Amino acid sequence: FRELGVTALVNGDFVRARRHWEHLRVGANALRDREVLQSEPGSRTRTQLGARWLQAALGGMAFTDLLDGDLVGSSRHLAEADALYSETERRGPGLTWVDAEISRAFLACEDDNEALLREAVTRLSPVLDRVEHWPLLLIAEAGLTLGQRGPNWALAQLRVGYTASVASARSVGGRWHDALRCFEAALTTLTGDFTDAERLLNSLSSSHSNVRLERARLALYSNNDVAALLEAQSVGGSHTTKRQLLDLTLIAAVAAWGCDRRDESLDALGKAASMLSSHGNTTALRYLPHAPLLEIAEAARA
């Protein structure tokens with residue numbers, strides 16, 4: 001079930017991934033309960049194994065919610081995993097615990113909690129050469145720096161971290177490579193280097209939702225509100241994550257305001273506020289031009 005869950009995640013199928021994690025959780029709980037009741041020789045060891053696989057299920061659930069953009073759900077599953085660890089002092093088998101720690105790093109970024117981020121980084125550092133999705137840790141670290149010191153510092157940190165990781169023979173490919181490049185493009189857009197942001201996006205497949213999202217952001221910062229609005233409204237489908245949908249809705253709100261489509265802008269802002277309330281991701285506000293966003297918020301309040 002864990003292998004099926006991981007495979008579904010890599011392919012962006014969060015519905016199927018959650019189904020497999022739930023199967024794993026049910027099986028792990030059944031293993032724990034059955035062997036506690038039987039009290040046979042070796043049942044203690046098997047009960048501990050059930051607890052470890054339950055940790056793997058909870059970590060997978062937290063990571064799935066993170067990738068989907070539901071930080072409220074991710075935090076809930078991570079808290080459950082932490083409570084289980086306090087009770088049993090058992091981690092998931094192998095490197096299954098890594099998913100929970102990467103989730104913790106992003107939640108630390110959301111809460112602007114540098115100490116919690118450093119805790120997650122410390123735990124992950126010894127095994128990063130065996131973790132395929134290590135670029136996500138660079139993204140979390142740069143995301144925290146963005147909130148503290150601005151886009152230029154965040155972009156420099158991301159690039160230095162990536163260069164050092166590649167030099168240490170860590171490989172990157174597939175969706176993790178694309179996620180890293182799209183995040184780099186977002187930071188580059190925030191610094192005002194639109195030419196380099198365009199170059200980064202041209203190196204990726206234009207059919208990917210993340211790439212189209214960053215093109216909409218680039219158009220917004222380039223003062224092309226019409227293009228930003230059209231691009232933001234054209235992205236959708238079953239593979240659009242909750243975080244992507246939030247970003248697109250916020251971009252549409254600002255772009256529609258610039259196009260003097262005020263009702264449309266206020267409606268989009270209301271939808272974005274609902275998403276923020278349900279799923280978290282307040283860090284999404286760091287990736288927008290603040291002046292027009294504040295103006296729309298004040299108009300909505302009025």
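ILE296: of a type in the set (Val, Ile, Thr), farther than 21 Å from PHE183 by Cα, open to solvent by less than 20 Å² (accessible area, probe 1.4 Å) and part of a helix (DSSP H, G or I), yes or no? Before you say what the answer is, go through the steps one by one.
Details: of a type in the set (Val, Ile, Thr): yes; farther than 21 Å from PHE183 by Cα: yes; open to solvent by less than 20 Å² (accessible area, probe 1.4 Å): yes; part of a helix (DSSP H, G or I): yes.
For ILE296, the condition - of a type in the set (Val, Ile, Thr), farther than 21 Å from PHE183 by Cα, open to solvent by less than 20 Å² (accessible area, probe 1.4 Å) and part of a helix (DSSP H, G or I) - is met.
Within the range 184-192, is even one residue open to solvent by less than 50 Å² (accessible area, probe 1.4 Å), touching a helix residue (DSSP H, G or I) at 6+ places or on another chain (Cβ under 9 Å), more than 17 Å from MET275 (Cα to Cα) and free of Cβ contacts under 8 Å to residues at least 12 places away in the same chain? Lay out the reasoning, then the answer.
First, pick out the residues of the range 184-192 that are open to solvent by less than 50 Å² (accessible area, probe 1.4 Å): 184-192.
If we keep only those that are touching a helix residue (DSSP H, G or I) at 6+ places or on another chain (Cβ under 9 Å) too, we end up with 184-192.
Filter once more, so that each one left must be more than 17 Å from MET275 (Cα to Cα): 184-192.
Those left that are additionally free of Cβ contacts under 8 Å to residues at least 12 places away in the same chain: none.
So far as the range 184-192 goes, no, none of its residues is open to solvent by less than 50 Å² (accessible area, probe 1.4 Å), touching a helix residue (DSSP H, G or I) at 6+ places or on another chain (Cβ under 9 Å), more than 17 Å from MET275 (Cα to Cα) and free of Cβ contacts under 8 Å to residues at least 12 places away in the same chain.
Residue-by-condition table, conditions (1) assigned to a helix (DSSP H, G or I); (2) in contact with a Lys or Arg (Cβ under 9 Å, 6 or more places away or on another chain); (3) touching a residue at least 40 places away in the same chain (Cβ under 8 Å); (4) surrounded by 15 or more Cβ atoms within 10 Å (Cβ to Cβ):
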residue	(1), (2), (3), (4)
PRO93	no, yes, yes, no
CYS109	yes, no, yes, yes
ASP112	no, no, no, no
PRO126	yes, no, no, no
VAL160	yes, no, no, no
ARG175	yes, no, yes, yes
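Criterion first (closer than 17 Å to LEU190 by Cβ, crowded, with 22+ Cβ neighbours inside 10 Å and modelled with pLDDT of 95 or more) does ALA228 satisfy it?
On the way: closer than 17 Å to LEU190 by Cβ: yes; crowded, with 22+ Cβ neighbours inside 10 Å: yes; modelled with pLDDT of 95 or more: yes.
Yes, satisfied.
Could you say which residue among LEU285, LEU201 is free of Cβ contacts under 8 Å to residues at least 24 places away in the same chain and assigned to a helix (DSSP H, G or I)? Break it down into steps so the answer makes sense when it comes.
Values: LEU285 fails: free of Cβ contacts under 8 Å to residues at least 24 places away in the same chain.
The conditions single out LEU201.
Could you please let me know if THR195 is open to solvent by less than 30 Å² (accessible area, probe 1.4 Å), free of Cβ contacts under 8 Å to residues at least 40 places away in the same chain, under 25 Å from ASN152 (Cα atoms) and assigned to a helix (DSSP H, G or I)? Spell out how you get there, then give the answer.
Values: open to solvent by less than 30 Å² (accessible area, probe 1.4 Å): no; free of Cβ contacts under 8 Å to residues at least 40 places away in the same chain: yes; under 25 Å from ASN152 (Cα atoms): yes; assigned to a helix (DSSP H, G or I): yes.
Answer is no for this residue.
Here's the yes/no breakdown for (1) surrounded by 20 or more Cβ atoms within 10 Å (Cβ to Cβ); (2) outside any loop (DSSP other than H, G, I, E, B); (3) touching a Gly at 6+ places or on another chain (Cβ under 7 Å):
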site: GLU214; (1), (2), (3): yes, yes, no
site: GLN233; (1), (2), (3): no, yes, no
site: LEU246; (1), (2), (3): yes, yes, yes
site: ASP263; (1), (2), (3): no, yes, no
site: GLY270; (1), (2), (3): no, yes, no
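The values are calculated or read from the model by the stated rules, or taken from the named source; none is laboratory data. Computed from a predicted model, the values in this text were never measured in an experiment. In this analysis, Cβ positions are derived from the backbone assuming ideal geometry, glycine residues included, and neighbour counts consider all displayed protein chains. Note: areas computed on protein heavy atoms with side chains; ligands, DNA, RNA excluded. Shrake-Rupley method; radii C 1.70, N 1.55, O 1.52, S 1.80 Å.
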